[in-house]
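This report concerns only the one structure given below.
Every number in this text was worked out from the coordinates using simple rules, so none of it is lab data. Note that the coordinates shown come from a computational prediction; the quantities given were computed from them, not determined experimentally. Cβ atoms come from the backbone with ideal geometry, glycine included; neighbour counts cover every protein chain shown.
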Amino acid sequence: MKSLIYGIIALFVVTSCTIDKTDYNAEIGSEVPDNYEFKEAVSFTSGNYKISIDALNGTFYKGYNELHLKIVNTQNNQEISTSAVTFLPIMSNADGSKSSCPHEYNVAYDSANKYYSGYSVFTGESTTTVSWKLYISFTVDNQAYEINKDISVEKQSNKNLNMTAFTGKDDEQYIIALISPQKPTVSENPLVAGVYKYNKPTTPAGTFPDPTQFSYSEVTGYTLKLDPRMPEASMGNHSSPNNKDLTQQDDGLYHGVVNYTMTGNWTLNLIMMNQNGLILKGTVVPTDFTPGVEGVKSELYIDTLF
Amino acid sequence: MKYIIMLLFLGMSVMAQNPHAHHDSIKNLEEVTVKNATKKKIETEMKMAVSVDEFLSSSENISFIKRGAYAWEPLLNNMSTERSTVTIDGMHVFGACTDKMDPITSYVESNNLAAIDIKSGQEGSLHGATVAGSIDLRRKSTPFGLQKKWNGAYQTGFEFNNKQFFNLGNISYSGTKFVADGSISYRTADNYHDGNNDEVKHSQYNKFNTSLGLAYKTSDLSSVRLDAIFDMAKDVGFPALPMDLWLSRALITSASYKQLFEEGLVRVVDTKIYFNAIEHYMDDTTRPENLVHMDMPGWSTTYGLVSKANLKRNNYSSEIQLNAYDNLSIAEMRMYPQDRSERTMFAYSWPWVTTRFAGLSMNNSWDLSDKSQLNLGGSLGVNYNYSKYVEFNWIFHPGAPQEKTRFLPSINAGYNLNIDHFNFSVGTGYGHRAPSVSEGYGYYIYNSFDRYDYIGDPNLKNEISYEGNASAGFKNEKFSIQGKINYFYIQNYIIGRILSMGSPMNYQSVGVKGYTSLDYATLLNMSANVSYDILEHLHWKGTLTYARGMDDKGGNLPFIRPLSYLTSLHYMYKNFGIQTSVNGDFEQINYSPEYGEDLTGAYTIWNISADYSFKINKVRSTIQVGAENLLNEYYSTYADWGNIPRMGRNIFMSLKLNF
């Protein structure tokens, strides 16, 4: 009888619950917002000309932002492609001090895509005390136009586009911003980052905004040594194999490979070395497997999550 | 409780007792037999009510890796399940657990099996590419038109050590046109106790199994048959592993068509399509010592076709078999961080791996004379693998192909000679096998034996086996002796080797091992069997087995059985039988520290049982009482995962009714 009852129960169980298989695409997307579309984030009008700036999701985020600029003659709706365009973001702090962030000052026209292509690595979010303003100039028909506008920089909720700012051992100010992958997977992920340096002004400041006071450049020939690890204590400083250090490629950006062995929180431990192999920032992290104990992070790291 | 079931079956059998004379000029459909070394009854010398595992362990070329009291992993010729093909009536079924907690033998029950065919080495290539051989679990299938239309059996029993209680019932109907077989069983057991009377925690199990087979005779010479097995195990402890089984379920179904031919070369063609689905959910919530909570569900789904033809002409007979299947194996792991509000960590341990196989096999045999016979067989298979989420495999093997096709040839030859009381045989074989899903595509599969995380390699070469075997025996009315030996030289032997890259994922793990190919490994298996009828009703039997496995550097392979022995006495007096046996292993000298083994000491176990057969009306009944490990020895064998101790003294009793 016992077995009969169990049998009947069993038959009910058969036709009822099972654990569902994981939807892998939903799984890897669950922590990562889908921001793949360029939309207008801000637009300015000056005389007969309208400048619009497109950014991903129509929003400026802290960290790296690819920007597409368009200049349109509002009279005849013609797009202007021959102008010399400059772009300068300025951040004002509560104490009135002003600073900038890595950006493309001379924005060049990309004739294939029909926009002026630039970028800006906003180093902070807009708050009640911190505000951002864009200064843009362009020249059409030998006439120079200068305009500026307040913008809002939002928090980047995609941790895979995190950034870090620090001072190197050479006393220079550096910024490393993650650019790609926006949506990592459990796999070999090509890793792209921008590495920028603040160019200390050599001349006294001219009229504000004087671009020589707010100059940044992509650093050339550096190496970012990479050691990705999972910060979760129970993962015991877990790492992955076959990662590749980041080196600069023709596009000026730094390319490497990060292998994520599973979803979750990861820390990209970095060591930044200059052309001569001199370590400017970062420490070697222990490689021991320490279950229950969180691994030590490098003094230079960026956290990711997917 | 159980009496109700008994009454139920009794009632059916009484109804079916109407004598009905029946003549069928056509031979029974199930009559065709092929020469096989088949174990006839599912019972052992010592025990009449056995589990499938216990029954298999009575075969001398099978040993077991045991992770607890349930679902032992059968090793054939001291080789693990990747190297053998385990089938149910020729159907391929693949376990859904990355930790081998569910060998196929765990999805059947002794009361739905008729026999288990074990073939050693390439002789077993009929069911697909193999190195070690094949184990085919043959289901019960009642012939058409039996004199006695209804047959049934009921077994119940209790084992005291782990309070195992089981009820097994099966019934069959045999009509001229229609046949039905049904079985149902339930086993439940608590934790067992070792030889020191200490409880071995997490060794309980619960298993429910039922099966149904229906056959209809479509003409004098043809029939169709539908079969289904449903098996469910719940709350099964694996004391040697860091987690248990919450639930596993298997549905194994098939439909077959059989055609007999009265004349001509082809005598039987039997074609079957099948489907089986297995799901397996592990559970670590009963192990508070675990630092990380993990979900580890697995699924395995297989579709297949098996078609075989038996040919016979004069002194030539042949078996041809076509095998084709498609299997999808999926295993997930999700680790939960200490702070449950944080993001869980997910990965596939089997990244949706498809295996497709198609192969044609043939076994031919010629009776050269009354005394000698020549066997020649071969097969050619195509094995295709596809890893849906191949990016998981790329982490350790960048650029590995997503798809891989392999050709798996096999040939074997044998010669038997019988002269008077003597018999001799020699044989040889050559065959390839493809890496298993875990070996090819496994991803961070934690092996709690050597405590490494294992990574598969899609680029592994085929494992190639060269084998030789021989046997010699003598037999007369009272005495028989048989010696067997086989030797395998296995090229590209697949085994886990420590990787210098990567770091463990499972917190208990100490490192990462990748499946790699050794240049070669060798395996030698020897056995000797002696039996002697001391008196008419007093029989003695003895078995001695020895095996040696070495890698290409002369190091030991893991899980190789040391010198072991079994000796038993069986005495019968009228309806009364008594049997006793002593078995044990010698010290495992040739152990392999590299694979987590340590020296396992010698042990000796003494078992005894007595049975009495009687008849109540027409019900043939047998009652048995016995004790395993009578002296309550505390021991663990070379193949006990993590050296978990085996069961101590176990008194068992069982009752079997046949009607």
Working only with C-alpha atoms, what are the Rg and Dmax values of the stretch A:99-254, expressed in angstrom? 18.5, 64
Calculated from backbone phi, Karplus (6.51, -1.76, 1.60) coupling profile of the stretch B:503-520 in Hz, x at Gly/Pro: 9, x, 9, 7, 5, 7, 6, 10, x, 10, 10, x, 5, 9, 9, 6, 3, 6
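To the nearest µm²/s, what D does Stokes-Einstein give for the stretch A:102-148 at 4 °C and 1.567 mPa s, using the Kirkwood radius over alpha carbon pairs as Rh?
Numbers: Rh = 13.0 Å.
Translational D for this selection: 100 µm²/s.
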Two decimals is fine: what's Rg over Rh for the stretch B:164-280, C-alpha atoms, Kirkwood radius as Rh? 1.18
Using the C-alpha atoms of the stretch A:38-154, what convex hull volume per residue, in cubic angstrom, is computed? 97
To make sure I understand, if each residue's beta carbon is the centre and we count other beta carbons within 10 Å, what order do A:Thr164, A:Thr127 fall in, fewest to most? A:Thr127, A:Thr164
Would you mind checking the tilt of helix A:2-15 against the longest principal axis of the Cα atoms of chain A, expressed as 0 to 90 degrees and rounded to 10? 20
With runs of 4+ DSSP H residues as the only contributors, calculate the mean residue ellipticity of chain B at 222 nm using -39,500 (n - 2.57) per run, divided by the residue total and rounded to the nearest 500. -1000 deg cm²/dmol
Estimated distance in nm for a label pair at A:Asn25 and A:Asn93, the labels positioned 7 Å out from Cα along Cα-to-Cβ: 4.7
Magnitude of the charge dipole, chain B, Cβ model with Lys/Arg +1 and Asp/Glu -1, debye to 20: 1840
J(HN,Hα) series, the stretch A:31-44, from Karplus relation 6.51 cos²θ - 1.76 cosθ + 1.60, nearest Hz, glycine and proline x: 9, 10, x, 8, 10, 10, 9, 7, 10, 5, 9, 7, 9, 10
P(r) of the protein assembly as shown in 10 Å steps, Cα pairs, percent per bin? 2, 10, 17, 19, 16, 11, 8, 7, 5, 3, 1, 0, 0
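Given 10 °C and 1.306 mPa s, how large is the Stokes-Einstein diffusion coefficient of the stretch B:462-525 in µm²/s, with Rh as the Kirkwood radius over Cα pairs?
Taking Rh from Cα pairs, D becomes 104 µm²/s.
Taking the Cβ of each residue in B:Val437, B:Val512, A:Val42 as the centre, tally the other Cβ atoms inside 10 Å and list the residues starting with the fewest.
Details: B:Val437 27, B:Val512 22, A:Val42 19.
Fewest to most other Cβ atoms nearby, the residues stand as A:Val42, B:Val512, B:Val437.
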Full-extension gain in nm, A:Ala144 to A:Thr290, via 0.36 nm per residue minus C-alpha separation: 46.4 nm
So what's the gap between the Cα centers of the stretch B:120-177 and the stretch B:359-389, to the nearest angstrom? 25
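Rounded to two decimals, what is Rg over Rh for the stretch B:289-408 when you use alpha-carbon atoms and the Kirkwood radius?
Numbers: Rg = 23.0 Å, Rh = 18.3 Å.
My calculation of the ratio gives 1.26.
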List every residue whose amide H lies under 5 Å from the amide H of B:Tyr603, counting only residues 5 or more places away in sequence or on a different chain, with H placed 1.01 Å from N in the peptide plane. B:Asp585
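Could you sort out which of B:Lys371/B:Lys475; A:Lys114/A:Lys183; B:Lys119/B:Lys461; A:Lys70/A:Lys149; B:Lys217/B:Lys312; A:Lys169/A:Lys200 sit more than 20 Å apart by Cα distance in this structure? Numbers along the way, then the final one.
Working: B:Lys371/B:Lys475 15 Å; A:Lys114/A:Lys183 27 Å; B:Lys119/B:Lys461 25 Å; A:Lys70/A:Lys149 16 Å; B:Lys217/B:Lys312 23 Å; A:Lys169/A:Lys200 15 Å.
Over 20 Å apart, Cα to Cα: A:Lys114/A:Lys183; B:Lys119/B:Lys461; B:Lys217/B:Lys312.
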Centroid-to-centroid separation of the stretch B:445-493 and the stretch A:66-104 [C-alpha atoms, Å]: 73
Cα principal axis extents for chain A, largest first, Å: 97, 51, 39
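Let me know the shape class of the stretch A:190-280, please: from the alpha-carbon gyration tensor, a ≥ b ≥ c as square roots of the eigenvalues, rounded when a/c is under 1.5, otherwise prolate if a/b is greater than b/c, or oblate.
Details: a/c = 2.89, a/b = 2.29, b/c = 1.26.
Prolate shape, in that a/c is at least 1.5 and a/b is the bigger ratio.
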Could you check the simple spin-label distance between A:Lys133 and B:Lys574, using points 7 Å along Cα→Cβ, in nm with one decimal? 11.6
Looking at B:Ile62, B:Leu538, B:Asn556, which one has the Cα that reaches farthest to the positive end of the dipole of the stretch B:2-658 (charges on Cβ: Lys, Arg +1; Asp, Glu -1)? B:Leu538
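Sum up the charges of everything whose Cβ sits under 9 Å from the Cβ of B:Pro558, counting Lys and Arg as +1 and Asp and Glu as -1, but leave B:Pro558 out.
-3
Which value in Å is the Kirkwood Rh of the stretch B:472-580 over different Cα pairs?
Details: mean 1/r = 0.0563 Å⁻¹.
Result for the stretch B:472-580, one decimal place: 17.8 Å.
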What is chain B's relative contact order, in percent, from Cα pairs under 8 angstrom and six or more apart in sequence? 11
Beta bridge orientation in the stretch B:2-658: antiparallel %, DSSP, nearest 5: 95
Can you list residues whose amide H is under 5 Å from B:Leu247's amide H, if they're 5+ apart or on another chain and H is modeled 1.01 Å from N? B:Asp235, B:Tyr281
Other-chain or far-sequence residues with amide H under 5 Å of B:Tyr443's (modelled H): B:Gly456
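If eta is 1.306 mPa s and T is 10 °C, what Stokes-Einstein diffusion coefficient results for chain B, Kirkwood Rh from Cα pairs, in µm²/s? List each step's numbers first, then the result.
Working: Rh = 26.0 Å.
Translational diffusion coefficient: 61 µm²/s.
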Could you give each residue of the stretch B:434-450 its phi-based ³J(HN,Hα) in whole Hz, using Karplus coefficients 6.51, -1.76, 1.60 with θ = phi - 60°, and x for Gly or Pro? 8, x, 6, 4, 5, 5, x, 10, x, 9, 6, 8, 7, 10, 6, 6, 9
In whole percents, the bins of 10 Å from zero upward hold the Cα-Cα pairs of the stretch B:407-487 as 15, 26, 21, 20, 14, 4
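Given only helices, namely DSSP H runs of n ≥ 4 each adding -39500 (n - 2.57), what is the per-residue ellipticity at 222 nm of chain A, to the nearest 500 deg cm²/dmol? Intermediate results must be reported in sequence, preceding the final value.
Working: 2 runs with 20 residues, N = 306.
-2000 deg cm²/dmol, from helical runs alone.
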Given R₀ = 35 Å, FRET efficiency for B:Tyr634-B:Thr286 by Cβ-Cβ distance, to 0.05? 0.90
I'd like the distance separating the alpha-carbon centroids of the stretch A:139-207 and the stretch B:178-208, in whole Å. 65
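How would you order B:49-55, B:543-549, B:362-368 from highest to lowest mean count of nearby Cβ atoms within 10 Å?
Working: B:49-55: 21.3, B:543-549: 19.7, B:362-368: 16.9.
Result, highest mean first: B:49-55, B:543-549, B:362-368.
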Say each of A:Lys155 and A:Ala112 gets a label point 7 Å from the Cα, pointing the same way as Cα to Cβ; how far apart are those two points in nm? 3.7
